[in-house]
Amino acid sequence: MSEDQELGITEQKEYNPGEWYAEVVEKAELASYAPEGMGGFIVTRPRGYSLWESVQDNLDAWFDETGVDNAYFPLFIPEDYLEREKDVVEGFDPEVAWVTHGGHDELEERLAVRPTSESIIAPYMAQWVRSHRDLPLRLNQWCSVVRWEATETKPFFRTKEFLWQEGHTAHESDEGAWEETLTRLDQYQRLYEDVFAMPVMRGAKPDHDKFPGADTTTTVEALMPDGKSVQGATSHNLGQSFAEAFDLTYSDEDEAERVAHTTSWGLSWRALGALIMTHSDDQGLVLPPTVAPEQVVIVPIWQEETKEEVLQYSSEIAAELEDDGVRVHLDDRDERNPGFKYNEWELKGVPLRLEIGPHEVDDAEVTAVHRPDGEQTTTERETLVEDVEDHLDAVFAKLYAAAEETLEENVREADSPEEIMGTIGQHGGYVRTPWCGDEACEAAIKEKVHAEIVAVPLDESDIAGDHRENAHRAEAIHEEGDECTVCGDDAVETAYFARSY
Ligand SMILES: [Zn+2]
């Protein structure tokens, strides 16, 4: 193998998506595996972490605009706190990692490493809320949580420890909690669509797959090119069940003591996995300019006698773009030839490459190349800054359009259980079909083809406001008198079946 081939991606996305994904993550320097004996853990490298920081920057700005404050709670949760949650939730028991010793001493009460933080946040919210004037209370925490699931490690998709944010809010009324639930779902959808260039399908989880204790679990689902769905983020209207379990009450204007209504909502670094998997290709990582650590790379092409003028021209352009706020990198390494540099920056997912040789200098031009499809255009030196902005927008639009096509072409219908299974087996994607609402009908499909009901339509008609009006959403197709496609009973719902990550 030549050096170039070893550095590059050897697996093909279409035929070996699992191996291909692992190779992209590793070779684009996003993450490494943790030391032996720590299966399920990964090391997030700076290029990977910067993607997470862009998630944080965007969500934090939107959270801030909508009344959320960040806070931080301990990594450990006392066992009796977790027990309290069991009034509502079956619990994460088998998945919980426990601390039993501090130094040499055995702890009197073992401590759980948080699998999620409701059970430690809710009691404090209960202390802090006294009257209706303390509501709404909106907290968010950026942290990692641990769930000890024995699974094969897949960076960002399946790891025992993962980064996420978890929001927890309390409200006076059910309407307040429901509006909150949808506001956060809007923000998650906005992150995927406007930042990640990924259309997602907005919906709800079927009753049997809601967050335990929740009234409604809402979700945004992203369809991967291999036909599997990724649960992109969830936002839960918890009703009063958690508030009752944790005595989260407030005194109303009439002095009466009332139980609050709560929500929780979270997005994990699985979003990065979905981002990487959606856009990347057999040359490596592909990123939208919105999140790319470098939006533009300049590769100068010189001979000994043209080196000085080419580098001079290139660095002027780099400075100009930087002044305009573009994240630009000038690759002026001596020891690498231009072809090597092209491959390396393609592998790392830089959205736009500017090639500058002596001809470009003479003609006061620059050659611009789009990462996703290699489209090459010549642009004038004079209008370069505007043109680069247009090119970056064009790259974003190309990525979005391709992802949207995947989503729109892969929602199908089926008239029999065989057809549901056959369609998922052959094409993947979503199969939407009338459903009776019974989990047993999902189990029948799940057993055969590992597909489950990832979404049902979300009814938001009772809440005013533009909740991503033109967004993709799970739609109801069942009508009065329709039968469940699996069992033949009356259909009360439309189910979206898919295999999922
Ligand atoms: Zn049925």
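The values are calculated or read from the model by the stated rules, or taken from the named source; none is laboratory data. Quick caveat: nothing in here was measured; it's all calculated off a predicted structure. So basically every Cβ, Gly included, is an ideal-geometry build from the backbone, and we count neighbours across all protein chains shown. What goes into the accessible areas is simple: the full protein's heavy atoms, side chains included, and nothing from ligands, DNA or RNA. Shrake-Rupley method; radii C 1.70, N 1.55, O 1.52, S 1.80 Å.
Given the condition open to solvent by less than 50 Å² (accessible area, probe 1.4 Å), within 14 Å of the ligand (Cβ to nearest atom) and over 14 Å from residue 205 (Cα atoms), answer yes or no: does some residue in segment 451-472 qualify?
no
Find all pairs meeting these conditions: Cβ atoms under 9 angstrom apart; at least six residues apart or on different chains; first residue within segment 476-501 and without any contact (Cβ under 8 Å) to a residue 60 or more places away in the chain; second residue hydroxyl-bearing (Ser, Thr, Tyr).
476/494; 478/433; 478/494; 484/433; 491/433; 491/485
Quick check on my filter: what residues within segment 34-90 are assigned to a strand (DSSP E or B) and touching a residue at least 24 places away in the same chain (Cβ under 8 Å)?
Result: 42, 44, 69, 70, 76, 77, 78.
Restricting to segment 316-364, and then to whatever is of a type in the set (Gly, Ala, Ser) and either open to solvent by 30 Å² or more (accessible area, probe 1.4 Å) or in a loop (DSSP other than H, G, I, E, B) (or both), can you tell me which residue is nearest to residue 284 (Cα to Cα)?
Result: 349.
What are the pairs with Cβ atoms under 9 angstrom where one residue, in segment 255-279, is under 13 Å from residue 197 (Cβ atoms) and the other, located anywhere, is of a type in the set (S, T, N, Q)? Sequence gap at least six, or different chains.
Correct list of pairs: 278/406.
Give all pairs with beta carbons closer than 8 Å in which a residue from segment 123-147 that is acidic (Asp, Glu) meets a residue that is buried (at least 19 other Cβ atoms within 10 Å of the Cβ); count only pairs at least 6 apart in sequence or on separate chains.
If the second residue must be buried (at least 19 other Cβ atoms within 10 Å of the Cβ), the pairs left are 134/250.
Filter segment 237-274 down to residues that are in contact with a Gly (Cβ under 9 Å, 6 or more places away or on another chain) and of a type in the set (Gly, Ala, Ser) and give me whichever is most open to solvent (accessible area, probe 1.4 Å).
241
Tell me, yes or no, whether segment 411-431 has at least one residue that is within 24 Å of residue 234 (Cα to Cα), within 16 Å of the ligand (Cβ to nearest atom) and not in a loop (DSSP other than H, G, I, E, B).
Yes: one or more hits.
Of the conditions (1) assigned to a helix (DSSP H, G or I); (2) over 21 Å from the mean Cα position of the chain (by Cα); (3) more than 25 Å from residue 442 (Cα to Cα), residue 208 fails just one. Which one is it?
(3)
Kindly indicate the residue of segment 158-198 that is assigned to a loop (DSSP other than H, G, I, E, B) and buried (at least 23 other Cβ atoms within 10 Å of the Cβ) and also modelled with the lowest pLDDT among those meeting that condition.
This residue is 159.
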